[in-house]
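Below is one structure, written out as structure tokens; the observations come after it.
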């Protein structure tokens, strides 16, 4: 980034902004008495939790988990951020196998931007900097590297996520980059051929909200964004201005829309706005565009992480200002919303049966977390 912030500083600040929005500075009592949205959440039925396990044992094979995924057997694939390794572990954290590493060779990464599990239980890791897709299979309690595939030149598109339905088709989610357009970040789902070339446009999603910072257009830390999750030949996707969900059948492009119960808007109250500006101080004014965005913003996104399965969608709710946090579970059939208590500073990544898996970040230290529901 040009000007005051380099790219790393920008990423750190955005991370801090998201943390504030998820957890805020206010006490829970203040929020309950002053905000309709939080009062509404308190009235919802809470799901019973059997246990919440934070894996912070020094004997774990990973120390900086960045994202996680669950395979068909309930084992986990965890991305370790410091050395870009893939850790295949049992549900209790016991290491089964480890692959990857920092580098440019076969099975190595400069970064892992996306992790998906295809319908045939093949694992795919996307490295956008190296423009390659690495695939793995699970055989006899080990993670086998099947190979790397360089991505075609999609310019001006950039692949954000990949999913393989086997002989039923391959799919990618792409972002469009046009620097002259403030809304350049539109997302489109394409069907791909076996060489991963664009074959057919499937659907176009709502653009993420952006802001101008200096001479560039960047993600808006307090703007609405798209979230999605591939699962069993379906794409579950949602936009953070509501708790509504769309389900796209990848094999025939049929689409189902699920409207959640009506909830009060998440207003950017003067109290929250004041705390926000006080907390970040000079960093806000140094970022061209963000100060004006904060001053004029009326409503905030409802959530900052999302995952789903065939029965439910799960949203990590923003800015609760309390411990524990709250996850909302949306029943796809009844449209009923229920709450789940979560650890503080928690990002949800995947769900398997009655278990939710995500990453907790406390003072810069990441830990894998498993939440087991009693139902």
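No lab work stands behind these numbers, since they all come straight from the coordinates. In this text, all values refer to a predicted model and were calculated from it rather than measured experimentally. Every residue, glycine as well, gets a Cβ built from its backbone with ideal geometry; the counts of neighbours run over all protein chains shown.
Key figures for this structure:
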{"item": "Efficiency of FRET from Cβ geometry, residue 253 and residue 341, R₀ 30 Å, rounded to 0.05", "result": "0.20"}
{"item": "Residue-span extension gain [residue 167 to residue 39] - 0.36 nm each, minus C-alpha spacing", "result": "41.3 nm"}
{"item": "Stretch gain in nm, segment residue 298-residue 232, where the contour uses 0.36 nm per residue and the Cα spacing is subtracted", "result": "20.0 nm"}
{"item": "Pair residue 311, residue 353: separation of 7 Å Cα→Cβ label points (nm)", "result": "1.2"}
{"item": "Theoretical FRET efficiency, 1/(1+(r/R0)^6), r = Cβ-Cβ of residue 120 and residue 61, R0 22 Å, to 0.05", "result": "0.25"}
{"item": "Cα centroid separation - the stretch 339-354 against the stretch 52-85, whole Å", "result": "15"}
